[in-house]
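Notes to accompany the following structure.
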Amino acid sequence: MSDIKETLQYMTLLQEVDKKLFYLEFSKGDLPKTVAKLKGALEKFKKQIKESKSETKNNDKKQQNIENLVELAAEKLKKYQNQLYDVTSNKEYDAITQEIELKKKDIEEGETNILELIEMNENNQSMLEEYEEECLRTKKELGGKERELNALLKATEKQELELIHRREKISVRLKEPMLKRYERIRKAKSNLAVVPITREACGGCFTTIPPQKIVEVEKLLILIQCEVCGRFLIPENKLDKVSL
Ligand SMILES: [Zn+2]
């Protein structure tokens, strides 16, 4: 048996297994992708919830600090206002009035900041509620889809394992570079890397093959690829099946 013939036989065998694996994967539909997508979304919501909570906590802390400062400023303001009754000179009066104005400004600014923080936290709270709702909804949906996928995987697991095992057994019969070429073509050409010449045409893209080339393919001395689609060509009905 020539090396080329053997290579083509094992490639054909491999292709049959790959086709079955492809249909098995195909039968799972969008489920694996949907599950992965929902998992990603769930992580995102969890992160947003965490960030939102930590922002609220930070704002609360900031608010507490500002409230303390405002309280302090109010106390001082009261003190200055009382001092006004006891002033003895215009200079002193002006100095205290200036302090009073400064404290009033501090208090006003502090109160504005507090209001802003309260507003921010109110927004945060409503966002948080939205995230939590979305998180719950996503969790529920994910649970359902995961159960569906697991049932499907359980049903196909045995067949899939058998096919993977068979694939390994065939793969080792092919040389590494050959296997890589096969994989490259299969992936690019809708799961068909090896095709028979059928009615003098490529069985993959149906381009007519010149008679001289058909003779070359039948000789099985070198690997010949279709010039148009690049698939490996095998002679029609002249390649007996090998068993593994
Ligand atoms: Zn072709």
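The values are calculated or read from the model by the stated rules, or taken from the named source; none is laboratory data. None of these values were measured; they are calculated from a predicted model. Using ideal geometry, Cβ is built from the backbone for each residue, glycine included, and neighbour counts are taken over all protein chains shown. For the accessible areas, the whole protein counts, side chains as well, though only heavy atoms, and no ligand, DNA or RNA atoms are used. Shrake-Rupley method; radii C 1.70, N 1.55, O 1.52, S 1.80 Å.
Here are some notes:
Matching residues to (1) of a type in the set (A, V, I, L, M); (2) open to solvent by less than 40 Å² (accessible area, probe 1.4 Å); (3) more than 25 Å from the chain's Cα centre (by Cα):
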residue: Leu38; (1), (2), (3): yes, yes, no
residue: Glu43; (1), (2), (3): no, no, no
residue: Lys50; (1), (2), (3): no, no, no
residue: Lys57; (1), (2), (3): no, no, yes
residue: Asn65; (1), (2), (3): no, no, yes
residue: Glu71; (1), (2), (3): no, no, yes
residue: Lys78; (1), (2), (3): no, no, yes
residue: Asn82; (1), (2), (3): no, no, yes
residue: Ser89; (1), (2), (3): no, no, yes
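Here's the yes/no breakdown for (1) assigned to a helix (DSSP H, G or I); (2) in contact (Cβ under 8 Å) with a residue 24 or more places away in the chain; (3) small (Gly, Ala, Ser):
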{"site": "Cys135", "(1), (2), (3)": "yes, yes, no"}
{"site": "Thr138", "(1), (2), (3)": "yes, yes, no"}
{"site": "Asn150", "(1), (2), (3)": "yes, no, no"}
{"site": "Glu160", "(1), (2), (3)": "yes, yes, no"}
{"site": "Met178", "(1), (2), (3)": "yes, yes, no"}
{"site": "Val228", "(1), (2), (3)": "no, yes, no"}
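- Subset of region 189-207 (residues that are open to solvent by 40 Å² or more (accessible area, probe 1.4 Å), free of Cβ contacts under 8 Å to residues at least 40 places away in the same chain and within 17 Å of Leu14 (Cα to Cα)): Ser190
- Glu216 meets each of the listed conditions (1) part of a helix (DSSP H, G or I); (2) away from the ligand (no atom under 16 Å from the Cβ); (3) open to solvent by 40 Å² or more (accessible area, probe 1.4 Å) apart from (2).
- Ile185 vs. criteria within 16 Å of the ligand (Cβ to nearest atom), over 33 Å from the mean Cα position of the chain (by Cα), of a type in the set (A, V, I, L, M, F, W, C) and not in a loop (DSSP other than H, G, I, E, B): no
- Some residue of region 225-234 being aliphatic (A, V, I, L, M), within 26 Å of Lys20 (Cβ to Cβ) and within 11 Å of the ligand (Cβ to nearest atom): yes
- Any pair with Cβ under 6 angstrom, 6 or more apart, that starts in region 103-115 at a residue that is farther than 13 Å from Asn65 by Cβ and ends at one that is open to solvent by 70 Å² or more (accessible area, probe 1.4 Å): Lys103/Lys76
- Residue check: His165 meets all listed conditions (1) open to solvent by 100 Å² or more (accessible area, probe 1.4 Å); (2) modelled with pLDDT of 95 or more; (3) touching a strand residue (DSSP E or B) at 6+ places or on another chain (Cβ under 9 Å) but one, namely (3).
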